[in-house]
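Visitor: One structure follows; several queries about it will come next.
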Amino acid sequence: MEVADLENPTSRSSSQKSSRRSGSRRSQKSAGQQSSPTVFPEKKGKSKSSRQKHLVFDNKDSKKAKNNEQKNDVVDEKSNFSGYEIYSGKLFFDKKNRITGDQISANGKADTSDVRLTSKALIWGSSLLSLEDVISVSYSSGVQHFIVHAYPSKKYLFGKTHRVRKDLRFIAPTVEEAISWVTCFAEQNIYVNMLPLPPTSSTEQDLDGPLSGALFDHPPIKCRTPPRILVILNPRSGHGRSCKVFHDKAEPIFKLAGFHMEVVKTTHAGHAKSLASTFDFSAFPDGIVCVGGDGIVNEVFNGLLSRSDRAEAVSIPVGIIPAGSDNSLVWTVLGVKDPISASLLIVKGGFTALDILSVEWIQSGLIHFGTTVSYYGFISDGNFLYKTFAL
């Protein structure tokens, strides 16, 4: 060893340097110190990528937590929208109106779904029907099914919405449960249309059978009293389309809601005013419905306010079915323009207070009442000058 060292001094010094370097490296590794970026560039890059991965995982976890919080918020919003629960149970939704209660009993409860009736909606599966869109419920005593009549809004192209009639038929497992469902609808101020008994195959009905027992064991379903209204229709409004609008869109809704109506068509100018000033309040205690434009509504208001019993006439509700060329009043007051939505508001029985203005001619003492504007003017050289008195 000594000879070799004497003969190659350079190799000795180089070996000592390499041993020192390796020793220093081992000491750094054992002490856990970070290496220089020039000596270990690959390991440094790996540590950065691993840290980035950890950050990505942390961001994903935080996003998942936020999504879970948002889902909980959505569930809370839906629960607030649907209101508190009134009744729940198993029902079969018959889309084609072909299934009977006997077929449901034979097939079991495989095709039934959980249905909930709340203070604001009817919920089954992924479907939700607002009670604001429900007109009435039809039911025949002694059967297991009932029909919910509604006009929910449906979206079309370009964001437009229209209300379409839906007759939803539900079948309960038993007659008792069907009666319970209909009774709960009636408690929510929804009209129940009691239909006549369905025809039976036998000519003579067995008085000891289950049908007769269901009829006499349950008390009659109590619901709100059908309103009685006077409908004043201007057949010339809307370029002659007002009659079609009323009979095709408004009248079916009123009939489903059980309204008792007397329809009077105006024949001349001022006819609506004379009707409103002379009709008997006791015959139509639930109000007047005007079918037409703003002109017929103005006549009805002037007729009511010209009565000797004006204090009582002011409390008479006045409904509006927009069927004229200009329906600015119903749009301003209620925010609707289509006759179906206006009919729904009348059926639900909501009230909106309205300010009335009056203009008196001093010389004649004539008083005219209005709701939007009052104007006067004269024509001179093709120019129409007017002055408006707005509310």
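Visitor: Spin-label point model (7 Å from Cα, Cβ direction): what's the S358 to K166 distance in nm?
Guide: For the pair S358/K166, the computed spacing is 4.8 nm.
Visitor: Here is a follow-up. Under a 1.4 Å probe, what is the accessible area of region 228-389 per residue, stated in Å²?
Guide: 55
Visitor: Can you work out the Karplus-derived ³J(HN,Hα) for every residue in region 130-139? Use 6.51 cos²θ - 1.76 cosθ + 1.60 with θ = phi - 60°, whole Hz, and x for glycine or proline.
Guide: Result, rounded to whole Hz: 5, 5, 5, 9, 8, 8, 6, 10, 9, 8.
Visitor: A further question follows. Take the Cβ-Cβ distance between V263 and F93 as r, set R0 to 25 Å, and report the resulting FRET efficiency rounded to the nearest 0.05.
Guide: So, using R0 = 25 Å, E works out to roughly 0.10.
Visitor: Kindly report, to the nearest 10 Å², the accessible surface of H247 as traced by a 1.4 Å probe over protein heavy atoms only.
Guide: Here the residue's solvent-accessible area equals roughly 70 Å².
Visitor: Which percent of Cα pairs goes in each bin when the distances of region 228-299 are cut into 10 angstrom slices starting at zero?
Guide: It works out to 20, 54, 26, 1, in whole percents.
Visitor: What does DSSP give for region 228-389 in terms of the percent of beta bridges that are antiparallel, rounded to the nearest 5?
Guide: Once the DSSP bridges in region 228-389 are tallied, antiparallel ones form about 40 percent.
Visitor: Could you give the length gained by full extension between S308 and E176, i.e. 0.36 nm per residue of separation minus their alpha carbon distance, to one decimal place?
Guide: Working it through step by step, the gained length comes to 42.2 nm.
Visitor: Scan region 242-274 for chymotrypsin sites (Phe, Trp or Tyr not before Pro) in coil per DSSP, keeping those whose Cβ has at most 16 other Cβ atoms within 10 Å, and list them by number.
Guide: Those that pass, being in a loop and sparsely packed, number zero.
Visitor: Can you pull the one-decimal nm distance between simple spin-label points at E132 and K154, each 7 Å off the Cα toward Cβ?
Guide: Each label point lies 7 Å from its Cα, and together they span 2.0 nm.
Visitor: Provide the net charge surrounding Y87, with neighbours chosen by a C-beta distance below 13 Å and charges set as Lys +1, Arg +1, Asp -1, Glu -1.
Guide: -3
Visitor: Work through the residues other than K273 whose Cβ is under 12 Å from its Cβ and net out their charges, Lys, Arg +1 and Asp, Glu -1.
Guide: For residues surrounding K273, the net value is 0.
Visitor: What's the local net charge at H149, with K and R +1, D and E -1, over the other residues with C-beta under 13 Å away?
Guide: Surrounding charge for H149 is +3.
Visitor: Just going by the charge dipole of region 228-389, with Lys and Arg at +1 and Asp and Glu at -1 on Cβ, which of L345, L357, S282 is farthest out on the positive end?
Guide: Value: L345.
The values are calculated or read from the model by the stated rules, or taken from the named source; none is laboratory data. Everything numeric here is computed off the predicted structure, so don't read it as measured data. Cβ sites come from the backbone with ideal geometry, for glycine too, and all protein chains shown count toward neighbours. Calculation scope for accessible area: heavy atoms of the full protein, side chains included, ligands and nucleic acids excluded. Shrake-Rupley method; radii C 1.70, N 1.55, O 1.52, S 1.80 Å.
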